[in-house]
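Please read the structure below before turning to the comments.
Every number in this text was worked out from the coordinates using simple rules, so none of it is lab data. Note that this is a predicted model, so its numbers are computed, not measured. A quick note on method: Cβ atoms are made from the backbone with ideal geometry, for glycine too, and the neighbour counts reach across all protein chains shown.
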Amino acid sequence: MTRKNVIWLTLWAGLMFAGLSACANAASEAGGLPTLAPTMTALPPVVPTDVPAADPIALPPVNWDDLDPFRAAMRPAFAGDIDAFATRNRYYIQARLTFEEGVALLRGAQRVRYTNRSADTLREIVFRLYPNLPALAGRMVVYQTEVNGVPVETALAERDTALIVPLETPLAPGDSVEITMQFSVAAERGMYASYGAFGYQREVFSGPEWYPVLSVYEEGRGWWMERATPTGDAVYSESGLYEVFFTAPENFVVVMSGTELDSFPAGEGMTTHHIVSGPMRDSLVVASPILGKTTDYVDDIAVNVYYWPGGEVAAEQVLRIASDAVRIFNEQFGPYPFAELDVVETFNFTGIEYPGMIIIADRVWKPGDEFLETATAHEVGHQWFYSVIGNNQVDHPWLDESLTSFTEYVYLREVYGEKRFKDATQSDRDWYNYYKGTGAPDLPLNLPVAAYDDSNYGVLIYVKGPLFYLELERLLGQERFRAALQLYYQRHRYEVVTSADVLRAFEDATGEDLDAIFYQWVGEFEGLDPAVIPNERAQAQP
Ligand SMILES: [Zn+2]
């Protein structure tokens, strides 16, 4: 997600609060209605669309040992990365997209194999039903769930965003379990909810996390079940391999995280697209009959840009920007491992990242638009920091967003030289100083999205955050700083990181003791040397 998303939200919320604070106070004093948290745009009606029942899909058995199809989704030099994922999250999905009476319907079934990589014995498996979040404003229903072929009663939690699958036989460390489920997803016409990520409008369907997604089991803590606020990104998941058979109207272009192997007629005017992925932590599908396509290659990486009618000229610019960004980030941070990267024009608000795929708003899809350039570079940067290296975006948004915002500086410096780089960083410094000058709290970076408010999330995570990396680069020098980022990327590819992992990578690569500066900017976190925390602060602890 780009900073303009949150900046716009900040301005909007500021106006709302300025206009409403008096009456909100009056209402609470008078025992009136509770004040709702602001969202990007109006929420859709709270009565969700019921999904018509459909015949269940009979899934074939899956040979989990056959890893060969997935190698096609990797650059040849990284095809071997697939091997380690035989016993990681595995998805085999069949789904069908239709449009009925103003509702886009996705009916599917999935066979998922989960391996317990923790030291704990598990008594349940948790999936997240992200379309049920108010921020996505869709409706996902799961039924006929089976564990190793035996039907089970599942339970819903967190306002239907978490599906708990009980295990009659507890899952010991190292053991695997196979779960099948039928699911349906409904998206009403319109992209009403925050960021405009999920739904369809005109003839463009956009479906982030369009299937039940395995949540993350954290050793000693349990399954992650938190419900994201409308601000920020909602997903926290682990990398896995996807094989998908996605059926859509035959005149539709289907773009999905991963690589299409083949497609074939499915009858009734429909086509089935057979898509596989490398190790990816979630999946986006965009389907539409209006998409044009232009492609360029960075080494052996296909960069595809999909655009709407009239968007051809801007698409060629986006292709150049995205290709430049991929080439620069390959050199600066380490190689992008996947065979393909897709950029798609959609109805979203500004730009959002997904594994192997980014979406950019049609509003800014104009030749020469400056924001089109920074948004594209930013979302491409997320392929390194969010997609390949993952993190809990709800609890530690700085881990991907602050570093990805720093990648915008890197892009500007490499493409345009020192002056553009200095202008951009100076403008961020001015903004951050202005913010502090107002007396507003200079909160640490390592806080959950919910700990910030709409007036400071943007400036702290997207402006103070990249300035922290800039300060590290100044202290360490460009060469050592780059070596540290490369170590970080190499060490944690396909994994989930914490703040301590960032600190360790920078210390290991440079031999410096960096706890104090991390404390100063990032704040406290597990793994930080407690000696750097000032005494009065430590004594204030209960
Ligand atoms: Zn972002």
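Listing for the model above:
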{"read-out": "Considering only the chain, percent of DSSP beta bridges that pair antiparallel, nearest 5", "value": "80"}
{"read-out": "Size descriptor, Kirkwood hydrodynamic radius, that averages inverse alpha-carbon separations across the stretch 249-357, Å", "value": "14.8"}
{"read-out": "Segment Val253-Glu146, length gained on full extension (0.36 nm per residue, minus Cα span)", "value": "35.2 nm"}
{"read-out": "Gain in span if fully extended, Leu156 to Gln426, counting 0.36 nm per residue against the direct Cα distance", "value": "92.4 nm"}
{"read-out": "In sequence order, calculated HN-Hα J values of the stretch 57-67 (Karplus, 6.51, -1.76, 1.60; Hz; x Gly/Pro)", "value": "8, 8, 7, x, x, 10, 8, 5, 7, 7, 9"}
{"read-out": "In Hz, Karplus ³J(HN,Hα) per residue of the stretch 365-371 (6.51, -1.76, 1.60; θ = phi - 60°; x = Gly, Pro)", "value": "6, 9, x, x, 5, 5, 6"}
{"read-out": "Within-15-Å neighbourhood charge of His273 [Cβ basis; K, R +1; D, E -1]", "value": "-4"}
{"read-out": "Qualifying lysines (Cα of each under 28 Å from Cα of Lys293; at least 8 residues distant if same chain)", "value": "Lys4, Lys366"}
{"read-out": "Alpha-carbon Rg/Rh ratio, for the stretch 57-187, with Rh computed the Kirkwood way", "value": "1.00"}
{"read-out": "Size of charge dipole - the stretch 398-539 - debye, nearest 20, with Cβ of Lys, Arg +1 and Asp, Glu -1, no other charges", "value": "440"}
{"read-out": "Over 41 Å [Cα-Cα, the chain], rounded percent", "value": "19"}
{"read-out": "Over the chain: helical MRE at 222 nm, DSSP H runs n ≥ 4 each giving -39500 (n - 2.57), nearest 500", "value": "-9000 deg cm²/dmol"}
{"read-out": "Amide H contacts of Val298 (H built 1.01 Å from N, under 5 Å, at least 5 apart or other chain)", "value": "Val303"}
{"read-out": "Simple Cβ-charge dipole of the chain, Lys/Arg +1 and Asp/Glu -1, about Cα centre, in debye nearest 20", "value": "680"}
{"read-out": "Inter-centroid distance (Cα atoms) of the stretch 122-159 relative to the stretch 286-329, Å", "value": "35"}
{"read-out": "Proportion of all alpha-carbon pairs of the stretch 400-542 beyond 28 Å (%)", "value": "20"}
{"read-out": "Centroid-to-centroid separation of the stretch 217-257 and the stretch 478-494 [C-alpha atoms, Å]", "value": "26"}
{"read-out": "Inter-label distance for Asp513 and Ala84, nm, one decimal - labels placed 7 Å from Cα along Cα-to-Cβ", "value": "3.2"}
{"read-out": "Dipole of the chain [Lys/Arg +1, Asp/Glu -1 at C-beta], most positive-end residue of Ala157, Gly458, Ile328", "value": "Gly458"}
{"read-out": "Computed lengthening from Glu203 to Glu495, 0.36 nm per intervening residue step minus Cα-Cα distance", "value": "101.5 nm"}
{"read-out": "Dipole in debye (nearest 20) - the stretch 68-381, about Cα centre, beta carbon charges: Lys, Arg +1; Asp, Glu -1", "value": "460"}
{"read-out": "Placed amide H near Arg139: partners under 5 Å, 5+ positions off or other chain", "value": "Ala186"}
{"read-out": "Charge-dipole axis of the stretch 68-381 as Lys and Arg at +1 and Asp and Glu at -1 on Cβ define it, positive-most pick from Ala79, Thr121, Thr374", "value": "Thr121"}
{"read-out": "P(r) weight above 26 Å for the stretch 68-381, C-alpha pairs, percent", "value": "46"}
